[in-house]
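Written out below as structure tokens is the structure these notes cover.
The values are calculated or read from the model by the stated rules, or taken from the named source; none is laboratory data. Keep in mind that this is a model prediction, so the values were computed, not measured. Cβ atoms come from the backbone with ideal geometry, glycine included; neighbour counts cover every protein chain shown.
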């Protein structure tokens with residue numbers, strides 16, 4: 001299977017866990033001491049690393065570190081926006097669009113050598 005596709009899939013899985021580790025405690029553990037939230041988040045983050053490390057190792061066979069980082073940011077925003085809207089019930093803001101366009105610009109510059 002194509003290493004880029006495998007890397008994207010694993011990074012997507014990684015980001016789902018990462019987003020929950022970083023932000024779900026704000027909703028689910030808000031009344032608990034911060035140390036409890038930190039320990040629970042750490043456990044979720046361990047799962048994130050089990051996807052992220054192989055994703056980066058596989059992706060590094062066909063992409064540079066800069067390209068991997070930009071790809072990670074695109075996936076992060078792709079996962080974070082629905083998470084914040086649907087799970088945290090945050091309002092939809094036009095700022096998400098502007099942030100997405102900036103990241104698309106970064107994608108263009110990091111991957112333009114592969115485009116042509």
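Quick notes
- Look at the range 102-115: where a residue is more than 19 Å from residue 78 (Cβ to Cβ) and a partner is surrounded by fewer than 15 Cβ atoms within 10 Å (Cβ to Cβ), sitting 6+ places away or on another chain with Cβ atoms under 9 Å, you get 115/108.
- Against the conditions (1) surrounded by 15 or more Cβ atoms within 10 Å (Cβ to Cβ); (2) without any contact (Cβ under 8 Å) to a residue 12 or more places away in the chain, residue 95 satisfies every one except (1).
- Of 47, 10, all but one fail to be part of a helix (DSSP H, G or I) and modelled with pLDDT under 95; the exception is 47.
- Selection from the range 13-44 of residues that are farther than 20 Å from residue 83 by Cβ, touching a helix residue (DSSP H, G or I) at 6+ places or on another chain (Cβ under 9 Å) and part of a helix (DSSP H, G or I): 34, 36
- Condition check for residue 76: touching a helix residue (DSSP H, G or I) at 6+ places or on another chain (Cβ under 7 Å) and either at positive phi or not in a helix (DSSP H, G or I) (or both): no
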